[in-house]
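Before any comments, here is the structure.
The values are calculated or read from the model by the stated rules, or taken from the named source; none is laboratory data. Values in this document were obtained by computation on a predicted structure and should not be read as measured data. Cβ sites come from the backbone with ideal geometry, for glycine too, and all protein chains shown count toward neighbours. SASA here: full protein model, heavy atoms, side chains in, ligands and nucleic acids out. Shrake-Rupley method; radii C 1.70, N 1.55, O 1.52, S 1.80 Å.
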Amino acid sequence: MESSFLPWDLPSRWMGCDEGDYSHLFPLLRAQGYAQACPHMTHLTLASTSQIRAELLRNAGLEIETVAARVDEEAIKAALLAEDAKPRDIADALAEAKARKVAMKGTAGLVLGCDQVLEFDGRVISKCANSGDALELLREMRDKRHSLLSAAVIYEGDKPVWRHVGVARLMMRDASDAYLEDYIARNWESIRHSVGGYKLEEEGVRLMARVDGDYFTVLGLPLVELLSYLTLRGTLPK
Ligand SMILES: Nc1nc2c(ncn2[C@@H]2O[C@H](COP(=O)(O)OP(=O)(O)OP(=O)(O)O)[C@@H](O)[C@H]2O)c(=O)[nH]1
């Protein structure tokens, strides 16, 4: 049986499947490192180092590859802020920059770039550099509202084919100084890469008085909208 996309040296023991249907082989092939040779096997390439984004996609049953985009986010953010760009546009532009960077390397199939921006008090808040800054930020944000804007952009070839910005609005409770100090001491190692200094699925939920919006958007990925698009275009079965 000849196949156009299976690697020529595929071990013969895997060639016993029916003509054309290899889906049950995918986990085996991926385990052997064949994914890159078979772009058909992956639903998309995630241009992100975010563990939670990869986890959410894999938990939803998607076959993904992850590639770090390595764009200079701070430079892009600074240039956009200098033009008074809105937080939504900053998140979208950063997500597109990441998707484009990886897509332009010739990555086959769909490439997903993401970015999350925290808007508080009219400002765009970046990730905290250390636990002291995180404690200071939480002291500022308690008993007040903030928004999380999670942008996603998909490239196919050299063009963007889909984009979405999910928005969640959160109200932090008026936590005590003592609690915030203990919270940071307990959680800093886990939350250091999360903008806002919390993970909603962990103890960060105890910082909140109210969460309005999509849970996945808070975690950093407008997952439901993404899956709807992939299903609509036939990448995922209807
Ligand atoms: N687990 C978890 N992660 C969160 C939460 N809120 C924000 N984040 C993560 O905080 C990070 C925001 O920074 P980004 O610049 O968007 O992404 P990144 O992690 O730096 O990864 P890149 O896409 O490679 O830039 C993302 O990874 C979000 O998924 C949360 O509630 N839970």
Pick from the stretch 216-232 the residues that are touching a residue at least 40 places away in the same chain (Cβ under 8 Å) and open to solvent by 50 Å² or more (accessible area, probe 1.4 Å): which of them is nearest to I154 (Cα to Cα)?
E225
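So that you can scan it fast, the table gives a plain yes or no per residue for (1) within 15 Å of the ligand (Cβ to nearest atom); (2) touching a Phe, Trp or Tyr at 6+ places or on another chain (Cβ under 6 Å); (3) of a type in the set (G, A, S); (4) at pLDDT below 60:
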| position | (1), (2), (3), (4) |
| --- | --- |
| D21 | no, no, no, yes |
| Y34 | no, no, no, yes |
| P39 | no, no, no, yes |
| S50 | yes, no, yes, no |
| K86 | no, no, no, no |
| K98 | yes, no, no, no |
Might you check whether a residue that is aliphatic (A, V, I, L, M), open to solvent by less than 70 Å² (accessible area, probe 1.4 Å), over 18 Å from A68 (Cα atoms) and at pLDDT below 95 occurs anywhere in the stretch 125-132?
yes
For the subset of the stretch 52-75 comprising residues that are more than 9 Å from the ligand (Cβ to nearest atom) and touching a residue at least 60 places away in the same chain (Cβ under 8 Å), which member is most open to solvent (accessible area, probe 1.4 Å)?
A60
The residue that is modelled with the lowest pLDDT, considering only those in the stretch 190-214 that are buried (at least 18 other Cβ atoms within 10 Å of the Cβ) and within 16 Å of R173 (Cβ to Cβ), is G196
